[in-house]
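Peer 1: Structure provided below as structure tokens; questions to follow.
The values are calculated or read from the model by the stated rules, or taken from the named source; none is laboratory data. All figures in this text were calculated on a predicted structure; none of them were measured in a lab. Using ideal geometry, Cβ is built from the backbone for each residue, glycine included, and neighbour counts are taken over all protein chains shown.
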Amino acid sequence: MILDLDIGNTLSKWRLKDRQTSSIRARGAMWTRDEWRSGSDIPDLDIVEAIRISNVARPDVLEDTVRLLSRRVDTIHIAHSTAEALGIRNGYDAPERLGVDRWLGVLSGYQLTGGCCTVDCGSAITMDAVLPGGQHIGGYIIPGLRLMKESLKLGTRKVAIDPEQDVLHILSPGTNTVDAVNHGVYMAATSAINRLYMELCDSHGVSLPLLLTGGDAELVSRGLRVPHARWSDMVYAGLESLFPLTAAEAQGQLAGMPEIVAPADLTEMRRALAFTQLL
Ligand SMILES: Nc1ncnc2c1ncn2[C@@H]1O[C@H](COP(=O)(O)OP(=O)(O)O)[C@@H](O)[C@H]1O
Ligand SMILES: CC(C)(COP(=O)(O)O)[C@@H](O)C(=O)NCCC(=O)O
Ligand SMILES: [K+]
């Protein structure tokens, strides 16, 4: 069994993948600040032969995790952002500074689409673009939904946006503090993504497929006006492509690959952008 770990600033996600069949056997998550201890939602290490890790939490979180796991498992691969990988050139001035979860998302997105825009809606919302030909051009970082709410200190941080709510309702003016904050934060996130995505396509003259991942991807997806696909295993897929361990992975079959959704027409996007600039 392979243990894949995606350690974010809020949640540490894990999954167990069968080395023979390439199927996912178990999944779980724990708060990143919590310690690994029995009784919590952690995988059974006795059946793990190899581990692959993506970490964007503090370095000591990674050190503690590796120390604990290396007592039980010999093979541990840790992903790092590099200047180049799998035909993609990292657009950061200091490539190693690009969050490795963003880099892994870009690697998977490019393999699926040959050029795309990736959005990871977690503690932060990050956006990256990689052009056909493999040049990553950098991206954007904004606070995630939860962080935006926390920053207001209005006591609304624990009140989640109801994922069942009709999206038109979430975009309407709030008539109490909780709704005003939730709706405002949601509008800030979704309109930034809509706008930045169209600006990126416009300035590079290419209509890029848009891919979404992260804990808030489903919610954010409903507020986007542009065609896009969700890929919840996108960071894991980057680990699979950097460190292929199964026959399917070696052939480029990445877990949970979505259907490619045809992007919006570039002329239409330019028309929409021109309209926002007229106002
Ligand atoms: N069950 C859940 N537990 C915690 N956060 C959740 C849950 N479902 C959705 N979320 C949202 O997802 C975010 C965490 O997403 P994730 O992509 O795991 O973030 P990160 O990679 O930064 O840890 C939280 O900030 C929260 O808004
Ligand atoms: C931007 C991030 C904090 C996002 O982390 P996440 O929301 O997934 O926990 C992470 O990718 C990171 O620490 N990046 C380093 C800075 C950079 O990418 O420029
Ligand atoms: K993120």
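Peer 1: With the requirement that a residue be within 13 Å of ligand 1 (Cβ to nearest atom), of a type in the set (S, T, N, Q) and either closer than 30 Å to ALA83 by Cα or not assigned by the TED database to the domain that holds SER221 (or both), what does the stretch 123-169 give you?
Peer 2: Correct list: SER123, THR126.
Peer 1: In the stretch 7-41, which residue that is of a type in the set (Ser, Thr, Tyr) and either crowded, with 16+ Cβ neighbours inside 10 Å or not assigned by the TED database to the domain that holds VAL56 (or both) is farthest from the chain's Cα centre (by Cα)? Please lay out each step first, then the result.
Peer 2: So the first thing to find is which residues in the stretch 7-41 are of a type in the set (Ser, Thr, Tyr), and the list is 10, 12, 21-23, 32, 38, 40.
Restricting the remaining residues to those that are either crowded, with 16+ Cβ neighbours inside 10 Å or not assigned by the TED database to the domain that holds VAL56 (or both) gives 10, 12, 22, 32.
Values: THR10: 13, SER12: 13, SER22: 22, THR32: 16 Å.
Among residues in the stretch 7-41 that are of a type in the set (Ser, Thr, Tyr) and either crowded, with 16+ Cβ neighbours inside 10 Å or not assigned by the TED database to the domain that holds VAL56 (or both), the one farthest from the chain's Cα centre (by Cα) is SER22.
Peer 1: Which of the numbered conditions does VAL185 fail, given that it passes all the others? Conditions: (1) surrounded by 14 or more Cβ atoms within 10 Å (Cβ to Cβ); (2) closer than 30 Å to GLY114 by Cβ.
Peer 2: Status for VAL185: all satisfied but (2).
Peer 1: For the stretch 127-144, which residues satisfy the criterion of being surrounded by fewer than 24 Cβ atoms within 10 Å (Cβ to Cβ) and within 11 Å of ligand 2 (Cβ to nearest atom)?
Peer 2: Passing the criteria: MET127, GLY138, GLY139, TYR140, ILE141, ILE142, PRO143.
Peer 1: Can you spot a residue in the stretch 238-251 that is part of a loop (DSSP other than H, G, I, E, B) and touching a His at 6+ places or on another chain (Cβ under 7 Å)? Give the steps one after another, and end with the answer.
Peer 2: Taking the stretch 238-251 and keeping what is part of a loop (DSSP other than H, G, I, E, B), we get 243-246, 251.
The next check asks that each one be touching a His at 6+ places or on another chain (Cβ under 7 Å); those that pass are 243.
Among the residues of the stretch 238-251, at least one is part of a loop (DSSP other than H, G, I, E, B) and touching a His at 6+ places or on another chain (Cβ under 7 Å), which makes the answer yes.
Peer 1: Oh, and also: Looking at the stretch 68-79, is at least one residue closer than 30 Å to PRO143 by Cβ, in a strand (DSSP E or B) and either under 22 Å from the mean Cα position of the chain (by Cα) or modelled with pLDDT of 95 or more (or both)? Before you say what the answer is, go through the steps one by one.
Peer 2: Restricting attention to the stretch 68-79, the residues satisfying the condition of being closer than 30 Å to PRO143 by Cβ are 78-79.
Subsequent filtering for residues that are in a strand (DSSP E or B) retains 78.
Retained after the next criterion (residues that are either under 22 Å from the mean Cα position of the chain (by Cα) or modelled with pLDDT of 95 or more (or both)): 78.
Checked against the condition, which is being closer than 30 Å to PRO143 by Cβ, in a strand (DSSP E or B) and either under 22 Å from the mean Cα position of the chain (by Cα) or modelled with pLDDT of 95 or more (or both), the stretch 68-79 yields at least one hit.
Peer 1: Provide a single number: the residues in the stretch 89-122 that are more than 10 Å from the chain's Cα centre (by Cα) and within 11 Å of ligand 1 (Cβ to nearest atom).
Peer 2: Counting residues in the stretch 89-122 that are more than 10 Å from the chain's Cα centre (by Cα) and within 11 Å of ligand 1 (Cβ to nearest atom) gives 1.
Peer 1: Which is assigned to a loop (DSSP other than H, G, I, E, B), of a type outside the set (Gly, Ala, Ser) and either at pLDDT 95 or above or surrounded by 22 or more Cβ atoms within 10 Å (Cβ to Cβ) (or both), of THR118, THR156, THR175, THR65?
Peer 2: Values: THR118 fails: assigned to a loop (DSSP other than H, G, I, E, B); THR156 fails: either at pLDDT 95 or above or surrounded by 22 or more Cβ atoms within 10 Å (Cβ to Cβ) (or both); THR65 fails: assigned to a loop (DSSP other than H, G, I, E, B).
Exactly one residue qualifies, and that residue is THR175.
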